[in-house]
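S.K.: Provided herewith is a single structure, encoded as structure tokens, for subsequent inquiry.
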Amino acid sequence: MNFFQKQKQSLARDLQTMKKLSFKQKLRFLLDYYRGYVFAFFGVCLISFYLLDVYLETQRETVLEGFFSNDDENRFPAQSLAKEMEERLKLAPGQQVIFDDSLYVQLGSSDDYQAASQSKIVAYVSARELDFLVTTEELTRYYSKSFLLLDLDELLPPDLKEKLENQLYRAVDGSGQEKACAVSLAGSRFYEGADPDETAPHYLMALSYTEHQDALIQFLEYAFESSSFISPSERNTASGFISDFSTSSSVASPDSTRNP
């Protein structure tokens, strides 16, 4: 008699026994003798659902993926931003936008969470999956020296480029070429109502390999379309929009462009 025949006979005997028991006694019997089977069944179900979810995710097309790091003031709520961008882009079934605002990096820190955040950023860039990174001034300078970045002068359409001209951070990126490596989000919808003298803005960097340039442009248009933005001519006499770093040879045009 094989294993399954034995189990079938044992189950038949147990069913006969349970007919003679009260409801409470039946529950007790099941908990005592079939607890392991129940847990195993639910365990198999959970694993199956997880594997199915992973499979379905791999079948979806990601049209834009971005990370927001060191978001202490919750200016970039990833889930709601992703939903808004999916609506704006009018995605088809099976397409998605993925944003992550859970990362936090501090240079030189040995904290496990920060080390894991740094590793995730580097891993996604190495795998060429990340389209853009939004982070602090300090990390913008740090990453721009090592990552291969998209030149925002070439990416931005003329009207948006003029609007953001004095928001651009120009430097030499990991390729050794001088370019517009990042754009300050100080004048965007994410900083509406913020005191520019007391609030350090985040910057957006786009990775050079991204194939989602149209979606990235739409994200930038969304970021700046409804903000009370100062025009380039007005901004030349204004202060506080971008924190000045020490002047270096990497600045493309000191008179019209500031480093973050």
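The values are calculated or read from the model by the stated rules, or taken from the named source; none is laboratory data. Given the structure is predicted, the values throughout are model-derived calculations rather than measurements. As a convention, Cβ positions derive from the backbone with ideal geometry for all residues, glycine included, and neighbour counts pool all protein chains shown. Each accessible area value is taken on the protein alone, full model and side chains, heavy atoms only, with ligands, DNA and RNA left out. Shrake-Rupley method; radii C 1.70, N 1.55, O 1.52, S 1.80 Å.
S.K.: Going through segment 45-69 one residue at a time, which ones are more than 17 Å from the chain's Cα centre (by Cα) and either at pLDDT 80 or above or on the phi > 0 side of the Ramachandran plot (or both)?
M.R.: 47
S.K.: For segment 85-115, enumerate the residues that are outside any loop (DSSP other than H, G, I, E, B), among the hydrophobic types (A, V, I, L, M, F, W, C) and surrounded by 14 or more Cβ atoms within 10 Å (Cβ to Cβ). Give the derivation first.
M.R.: Residues of segment 85-115 that are outside any loop (DSSP other than H, G, I, E, B), as a first pass: 85-89, 95-103, 112-115.
Among the residues that remain, those that are also among the hydrophobic types (A, V, I, L, M, F, W, C) are: 85, 89, 97-99, 103, 115.
Within segment 85-115, 85, 89, 97, 98, 99, 103 meet the criteria.
S.K.: Could you look through segment 173-208, keep only residues that are open to solvent by 10 Å² or more (accessible area, probe 1.4 Å) and outside any loop (DSSP other than H, G, I, E, B), and pick out the one that is farthest from residue 69 (Cα to Cα)?
M.R.: 178
S.K.: Moving on. Modelled with pLDDT of 95 or more, over 16 Å from the mean Cα position of the chain (by Cα) and under 14 Å from residue 206 (Cβ atoms): is that true of residue 168 in this structure?
M.R.: In short, yes.
S.K.: Give the residue, chosen from 138, 129, that is free of Cβ contacts under 8 Å to residues at least 60 places away in the same chain and open to solvent by 60 Å² or more (accessible area, probe 1.4 Å).
M.R.: Just one listed residue meets the conditions, 138.
S.K.: Test residue 223 against the stated conditions and say whether it is in contact with a Ser or Thr (Cβ under 7 Å, 6 or more places away or on another chain), crowded, with 17+ Cβ neighbours inside 10 Å and of a type in the set (Gly, Ala, Ser).
M.R.: Values: in contact with a Ser or Thr (Cβ under 7 Å, 6 or more places away or on another chain): yes; crowded, with 17+ Cβ neighbours inside 10 Å: yes; of a type in the set (Gly, Ala, Ser): yes.
Yes: the conditions hold for residue 223.
S.K.: Looking at segment 116-135, which of its residues are among the aromatic types (Phe, Trp, Tyr) and either at pLDDT below 95 or in a helix (DSSP H, G or I) (or both)?
M.R.: Within segment 116-135, just 124 meets the criteria.
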